[in-house]
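Report on the structure given below.
FYI, it's all coordinate maths here, none of it is from the lab. Computed from a predicted structure; not experimentally measured. For neighbour counting, all protein chains shown are included, and Cβ atoms are generated from backbone atoms with ideal geometry for every residue, glycine included.
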Amino acid sequence: MTWDIVANILIGGVLTGLVYALMALGLSVIFGVIRVVNFAHGEMTALAMYAAVLLFEGGRLDPVLSIPLVAGGLFVLGYIMQRRLVEPFIGRPEHEQFILLLSVAVILTNGLLIAFGPDARGILTDYSFDSYAFGPIIVDKTRVIAAAGALVSALGLLAFFRYSRTGKAIRACSDNLLGARVVGLNVPRLYGLTFGLGAAAVGIAGCLLALVIDVLPPLGPELTLLAFIIVIVGGLGSMTGALLGGILIGMSEAIAGLLFTPSMKSMLSFALLILVLALRPQGLFGKRAL
Amino acid sequence: MSGRVLSAGEGSSTRARIALALFFAALAIAPFLVGDFLLSVLVIILYFAFVGQAWNLMMGYAGQLSLGHALYVGIGAYASAALFVHFGIPPLIGALPAMALAALVGASIGLLAFRFRIGGVYFALLTIAFAEFTRILVSHIGWLGATEGFFLPIENRTDIDLVALRGPPHMFYYIFLVLTGAALLAIRRIMDSRLGYYWLAIREDETAAEAAGINIFRYKMIAVMISAGMTALAGIVTAFYYNNLFPTDVFGIHRSIEIILAPIVGGLGTLFGPIVGAFVLGILGEGLTIVLDQAGIATAGVKHLVYAVFLFLIVRFLPGGLWPWLAARLGLDRDWRA
């Protein structure tokens, strides 16, 4: 095993990890503000991937170009989910919220299974086999596009929360809910926007992921677990933690594929989760105690 | 969740007791009345009732949400099957190490989580992580058949051998019936004891329970270990009933979700909830399968879709579950609703 092979695989892992990170960022945003754990996160990602595949097959639309459509659709879905489904559950016991979103997740997975069947569907663009060479390092063009798209979107989301008035209002809800209500913020609407934005992040991640991997119904639960692992490893509620966690998990999957067999790649991620929960439950980049 | 109710509703209590006795009597003679297919449905229903009771013990009573109970089913199944196939140890003896192993794994998850007071959703994710870890691990262990599956020798025997768990389908039906009945009695006793009241205190308010002097770590560990051991027992019986084990089929997250359906639908933290839920879901699911088969519609996914819609309706409109609602309609007193 030479060093350029290792470097190639690690870079591939980082690039895929960035797309995972964007998806996990959506989960982190929703949890950080609404304090509700979106257990249907991966299933929504799978839904977005199918949307990208259908737009590509039906309209010959490149997945990158279908991002506005899919992200917009997911934003609306997320907003409606929050206002119609989740809102009545705020203040109810945690396990009831969890069961609610679990039922949404199972409905989505089996709905996708009924609609599209159990076979994997993928996107084959005319640049799918292109790659860039930087000396001994060779990277797939699709991965570079996916990673760049994810990074831009993630930075855009971070900037939105940092600088825009709406973003600041949403952060105010998460920092001090009572205070936010006192100053007259429309909390239900802001919660709807937050869930919508988290879902839109999933929509973008789904389009980009469809460039790199095939989609099939059981991918949903797998992606949900992956998003959770990233967010917990990175630190729940920490946006930069989610980004770095995504890169870390992408790399660990790549390393596992290199050292063991690719089918064991998620085992290392689960081991990492168990290790983090045992040694540093607040996550690698999270603040102590919530 | 209250203790004995004295005089109020004594009449309804007697009627309920008779109804319960009739219910179990009907189940006891059921194999003589139904065909092979219905018997297999009843075996599945009783399996979910029993595993649901085990899960309910941990979530419904002690308040610890586990989403990885397929792990304990799988440990029981694989351990007893491996002891039987590789070492010739019959499952009646192999059940002890198999259940002990499941309890030990449950204890290590508990140790990891409860030491740092990881609760709620974090704990649920930790249980999923362990189940998924084990699924992938077993998929790579050739000694346990890996992804090609682990098979027990099939013997179509009509005589009953309880030591080797070999016999006709109705033997497995009666085993699950006895387990479900025994669990009912055992859990009722536990919930009337100090241990049961400690669990309820922990479920309702962990901080208050600790302030009241309850060693919450110890009692949560006890809940996990009992639940894991019970669940493993169900795994042992199913392993010898189906004679084949596949990692994804046994440890997959959809299996863990199936386990939690019956107690939630029937009523979390109630004695009869898991049994009521298992029967309602079993009849719903199998009825639906028959209807769809006759209509010629492919059934993949439809059953789980309907389960999930049902689960959604329950948690949205009847979060206490079917049993407390039903018991109130039947005019049963509080002692029976819980």
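List of remarks:
- Fewest-first ranking of A:Cys207, A:Cys173, using other Cβ atoms within 10 Å as the exposure measure: A:Cys173, A:Cys207
- Take A:211-223, B:188-200 and order them by the average number of nearby Cβ atoms within 10 Å per residue, most first; the result is A:211-223, B:188-200.
- The range B:250-318-the range B:178-209 distance, computed between alpha-carbon centres (Å): 25
- Normalised by 2.2 N^0.38 Å, where N is the number of residues, the C-alpha radius of gyration of chain B stands at 0.99.
- Here the range B:179-263 is treated as a sphere whose radius is the Kirkwood value from Cα pairs; by Stokes-Einstein at 20 °C and 1.002 mPa s it diffuses with a coefficient of 142 µm²/s.
- Span-like helix check, chain B: qualifying full DSSP H segments, with Cα axial length of 20 Å or more and mean Kyte-Doolittle of 1.0 or more, are B:10-33, B:36-56, B:70-87, B:91-115, B:120-138, B:169-191, B:216-242, B:253-266, B:273-295, B:302-317.
- Take each residue in A:103-112, count the other chain C-beta atoms within 10 Å of its C-beta, and the mean is 6.
- Relative packing of peptides A:275-284, B:128-137 - highest average C-beta neighbours within 10 Å first: B:128-137, A:275-284
- Computed from the alpha carbon positions, the gyration tensor of chain A leads to an equivalent ellipsoid with semi-axes of 30, 22, 18 Å, biggest first.
- Size estimate for the protein assembly as shown follows the Kirkwood approach: the inverse of mean 1/r over distinct Cα pairs works out to 25.8 Å.
- Neighbourhood charge, 14 Å Cβ-Cβ cut-off, centred on A:Leu101 and excluding it, Lys, Arg +1 and Asp, Glu -1: 0
- Residue order, fewest to most surrounding Cβ atoms within 10 angstrom, among A:Leu55, B:Leu46: A:Leu55, B:Leu46
- Calculated from the alpha-carbon coordinates, the range A:160-249 shows an Rg and a Dmax of 15.6, 48 Å respectively.
- Ranked by the mean number of other Cβ atoms within 10 Å per residue, highest first, peptides A:63-72, B:229-238, B:64-73 order as B:64-73, B:229-238, A:63-72.
- Largest-first principal axis extents, alpha carbons of the range B:54-139, Å: 42, 27, 19
- For the protein assembly as shown, calculated [θ]222 nm from helices alone, where every DSSP H run of n ≥ 4 adds -39500 (n - 2.57): -24000 deg cm²/dmol
- Each principal axis of the Cα atoms in the range A:90-230 has its own extent, and those three values, largest first, are 57, 39, 23 angstrom.
- Neighbourhood charge, 15 Å Cβ-Cβ cut-off, centred on A:Phe161 and excluding it, Lys, Arg +1 and Asp, Glu -1: +3
- Inter-chain Cβ neighbour count for B:129-136, averaged per residue, equals 6 (cutoff 10 Å, partner chain atoms only).
- Only Cα sites of the range A:232-290 enter the Debye sum here, all with the same form factor; the resulting log10 I(q)/I(0) across q = 0.14, 0.16, 0.24 1/Å is -0.38, -0.48, -0.89, listed in q order.
- A:Leu10/A:Leu178 FRET efficiency (R0 41 Å; Cβ-Cβ; nearest 0.05): 0.35
- Shielding by partners for peptide A:219-227, expressed as the average number of C-beta atoms from other protein chains within 10 Å of each residue's C-beta, is 2.
- Under 10 Å, Cβ to Cβ, from A:Pro188 - net charge with Lys/Arg +1 and Asp/Glu -1: +1
- By other beta-carbon atoms within 10 Å, ranking B:Glu206, A:Glu57, A:Glu253 with the fewest at the front produces A:Glu57, B:Glu206, A:Glu253.
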